[in-house]
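The values are calculated or read from the model by the stated rules, or taken from the named source; none is laboratory data. Keep in mind it's a predicted model, so treat the numbers as computed, not measured. Virtual Cβ from ideal backbone geometry, glycine too; neighbours counted across all protein chains shown. Remember, those area values only see protein heavy atoms, side chains included, never the ligands or the DNA or RNA. Shrake-Rupley method; radii C 1.70, N 1.55, O 1.52, S 1.80 Å.
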Amino acid sequence: MVSMPRGAVPLRSARRSGAVLSLCSLLILGCVPGGDAPPAAEPPSVGVIAVTEERVNPYFEFVGKTRAADTVALRARVTGFLLERAFQEGGQVETDDLLFRIEPEQYLASLAQAEAQLGAAQASLNRAQVDLARYQELAKAKNVSQQKVDEAQAEVLVQEAAVETARADIQKAQLNVDYTEIRAPIAGRIDLAAFDVGNLVEPGSGVLATINRMDPIRVAFSIAETWYLELAQAGARSRQEGAGAAGKQHFVPQIRLPDGSLYPHDGWFDFFDNKVDETTGTVLIRAQFPNPDQLLLPGQFVTVVIERREAVSAVVVPQAALLTDQGGSYVLVVDDDDKVESRRVKTGQRFGTRQVIEKGLEAGERIVLYGIQKVRPGIQVRPETAAPPGDPLAATGPGSSGDTDTTETD
């Protein structure tokens, strides 16, 4: 073991003492008057935009199902073999066009038999009428009893009834003959035939083919009670203004097709249910749309867009300036002193890259659009006016595949 001289200081202790002296020297120098203080941090620069008020056309969206204006299921009314199918499957047919022909021979024979029975009944009636007239003359001369006259009168009545029965049989036979030709009761588009020529058909064979009248076409959908109330109030205003159908002048039904495009023809409301569905709290509504090109087919699911015809004023901000957390939506507002404030807002409908603000902001206020990650509520910033972002999808109205953009700047 190496011994240290008396009065010697260990090397580790000496180094520690030197570090302490150096720190004290720095602190003393910092307190000396005239020393250089560290520069204050500059406020961060942020891009701000002024809140604007614009004209927008609010709209509602619902899932609807298309229906033909008229649908007729063709069925056989008599039994027989199909002799002819006189239409092109999937083609257009007109009213009273011949579609199917069933063999008529047995029904023509029944008609001829009924006509022959009518002739026999009329001959018997004539004989009975002649007998009655002769008995009436003999009764006047007291040459025949009244009983004979009464019997002759009864026979005339029986033969008259036989004639009427024969005439009814002729009508029935004629109907059966007519039923051998199945004609189109409406104009429209016909689907596939369920039976080919040569098959036996009867009233129990089911539907032979179906005709749909597709122009105009109807779309049925259900809406909530609150939206129904708004449509009903709009309809009341339309009637007061003499505008015609309920809601037609204030709200316009449109269709968004499955590919996201907007159907080129606006529709009109033609039916409002008279009750609310208790299980869903909705009201059934139906609208009609022109369908000259038969682009819409019955049974198709579409998106019904009910757009307000007249634009209304609303506070609108870029979607990029809107922030969300567990408490909801908020924006960062820059006040007159260039300080940042967190403001809760109530959002409305979205139009493209812009968001309607129903509550919490007023036109003219400044909000942070760029540099949001550099600021926090309460700090001072250096605001720089920024240009609003454009819409990369160039959405134009409720017919766009994504969000809509139907705004007009005041």
Once Lys and Arg get +1 and Asp and Glu get -1 on their Cβ, which of LEU296, ILE306, THR282 lies farthest toward the positive end of the dipole of region 269-322?
-> ILE306
How much length is gained if the chain between ASP270 and GLU164 is pulled fully straight, taking 0.36 nm per residue apart and subtracting their Cα-Cα distance, in nm to one decimal?
-> 33.4 nm
Order by protection proxy (mean Cβ within 10 Å, highest first), peptides 289-295, 199-205 = 289-295, 199-205
Sequence-distant or interchain residues sharing an amide H contact under 5 Å with PHE100, placed H: which?
-> ALA86, ILE182
How big is the charge dipole of region 61-119 about its Cα centre, in debye rounded to the nearest 20, if each Lys and Arg gets +1 on its Cβ and each Asp and Glu gets -1 on its Cβ?
-> 280 debye
Where q = 0.10, 0.13, 0.17, 0.21 Å⁻¹, what log10 of I(q)/I(0) comes from the Debye formula for region 73-216, counting one point per Cα?
-> -0.54, -0.68, -0.90, -1.12
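Sort 112-119, 320-327 by packing, meaning the average of other beta carbons within 10 Å per residue, with the highest value first.
112-119, 320-327
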FRET efficiency for VAL197 and ALA224, Cβ-Cβ distance as r, R0 = 56 Å, nearest 0.05?
-> 0.60
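Between VAL130 and LEU108, take the C-beta separation as r, use R0 = 30 Å, and let me know the FRET efficiency to the nearest 0.05. Can you show the working numbers first?
On the way: r = 34 Å, r/R0 = 1.13.
My answer for the efficiency is 0.35.
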Output ordering of 338-346, 276-284, 311-319 (per-residue mean of other Cβ within 10 Å, highest first) is 311-319, 338-346, 276-284
Exposure ranking of TYR107, TYR135, TYR370 by accessible area [1.4 Å probe, largest first] = TYR370, TYR135, TYR107
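How about region 120-176: which trypsin sites (Lys or Arg not before Pro) there are in a DSSP loop, with at most 10 other Cβ atoms within 10 Å of their Cβ?
Numbers: sites: ARG127, ARG134, LYS140, LYS142, LYS148, ARG167, LYS172; in loops: LYS142.
Within region 120-176, the qualifying trypsin sites (Lys or Arg not before Pro) (loop, at most 10 other Cβ atoms within 10 Å) are LYS142.
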Stretchable slack from LYS374 to ASN143, in nm (0.36 nm times residue separation minus alpha-carbon distance) = 69.9 nm
